[in-house]
Amino acid sequence: MSTDRYDPFHLPDIKFVANYIRKSRAESTEDLEKHRMTLERLCKVHGWKYVEYLEVGTSDSIELRPKMTQLLREVEDEYYDAVLVVDYDRLGRGDLGEQDRIKKAFQKSDTLIITPEKIYNLNDDLDDTYADFKGLCARQELKMITKRLRQGKKIGALRGDWTNGTPPFPYVYQQYQDKFNKKGLVVHPERYLIYREFVELALNNKSPREIATIANNRGLRTPKGYIWHAESIYRILIDETGLGKIISNKTEGDGHRKRKPGAKPVRKLPRSEWVIVENCHEAVK
């Protein structure tokens, strides 16, 4: 992307800017560095002082992007003459409410948005209309990406692929030593011995709390190095993954504590609607 089209003598009086760099989960570290270098070059060419705001792998919702939330607050307080982004939609691809929130912050403070291709003054009718068009395109793209991700996860589950995040104890994802299960789970031998002991204790009428106490007194720790709790023991014992199954589509809606505006609250679906695939990996019970 070229910056040669900019003529510093025809730019407004810009001295202090914010560089907002946002890397999605799908992008690489190399992409992030390219974006950073592009914005830094703009600043160097024009002699602008800048502060960098780096957001990595966050949601499209403003409420779930701490750096964007901070930036908008400081834009409203007129900290900066302009905000630099590699493309307008890096500021947000959320719903109309979030788009409006971004626009009002920049309009109120008369802060410019600068990309390597264009300067946006949202108090100018033409730029404001163009920004609306860019926002509409970005929202449509986001909807398509989200739909493909949902479909991909469901198709993966139907094929027996593990798509549910961190594998439950005593499994690990895909490979351990000489064990390999393409896109599936394998049993961790050392964890399996502990797991079977938990099962035997439960069969001998020990409660999850008692099992956790026994494990902690022996110095056993969870895979992340924490002490055992009754709740985690209980979840392990009842988890159907141990039967060789992969189960998905158990809930719908947004379960995040800061739910997106308009998102449905999370609810558990009836078992008849779950996706249950049998014989996906080695059973441990």
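The values are calculated or read from the model by the stated rules, or taken from the named source; none is laboratory data. From a predicted model like this one, the values you see are computed outputs, not experimental measurements. Neighbour counts are summed over all protein chains in view; Cβ atoms, including those assigned to glycine, are modelled from backbone coordinates with ideal geometry.
For segment 85-130: of the residues being among the acidic types (D, E) and closer than 23 Å to E63 by Cβ, which is modelled with the lowest pLDDT? Only one residue fits best here, namely D95.
Among the residues of segment 1-45, those identified as modelled with pLDDT under 85 and among the hydrophobic types (A, V, I, L, M, F, W, C) are M1, F9, L11, A26, L32.
When you check K206 against the structure, is it more than 28 Å from the chain's Cα centre (by Cα) and without any contact (Cβ under 8 Å) to a residue 24 or more places away in the chain, yes or no? The answer is yes for K206.
Looking at the structure I just gave you, is W274 surrounded by 13 or more Cβ atoms within 10 Å (Cβ to Cβ) and at pLDDT 95 or above? Here the answer is no, as W274 does not meet what is asked.
Among the residues that make up segment 252-264, is at least one of them over 30 Å from R101 (Cα atoms) and either at pLDDT 95 or above or surrounded by fewer than 13 Cβ atoms within 10 Å (Cβ to Cβ) (or both)? There is no residue in segment 252-264 that is over 30 Å from R101 (Cα atoms) and either at pLDDT 95 or above or surrounded by fewer than 13 Cβ atoms within 10 Å (Cβ to Cβ) (or both). Of the residues making up segment 161-174, those that are within 21 Å of Y234 (Cα to Cα) and in a loop (DSSP other than H, G, I, E, B) are N164, G165, T166, P167, P168, F169, P170. Could you tell me whether E210 is farther than 24 Å from N279 by Cβ and in contact with a Leu (Cβ under 8 Å, 6 or more places away or on another chain)? Yes; evaluated as a whole, the condition is true for this residue. If only residues of segment 46-64 that are part of a loop (DSSP other than H, G, I, E, B) and farther than 17 Å from L84 by Cβ are counted, the one that is modelled with the highest pLDDT is S61.
Selection over segment 73-84 of residues that are outside any loop (DSSP other than H, G, I, E, B) and either touching a helix residue (DSSP H, G or I) at 6+ places or on another chain (Cβ under 7 Å) or at pLDDT below 90 (or both) gives a count of 4. Quick check: is even one residue across segment 206-226 farther than 23 Å from W162 by Cα, surrounded by fewer than 14 Cβ atoms within 10 Å (Cβ to Cβ) and of a type in the set (A, V, I, L, M)? Looking for residues that are farther than 23 Å from W162 by Cα, surrounded by fewer than 14 Cβ atoms within 10 Å (Cβ to Cβ) and of a type in the set (A, V, I, L, M), one finds none in segment 206-226, hence no.
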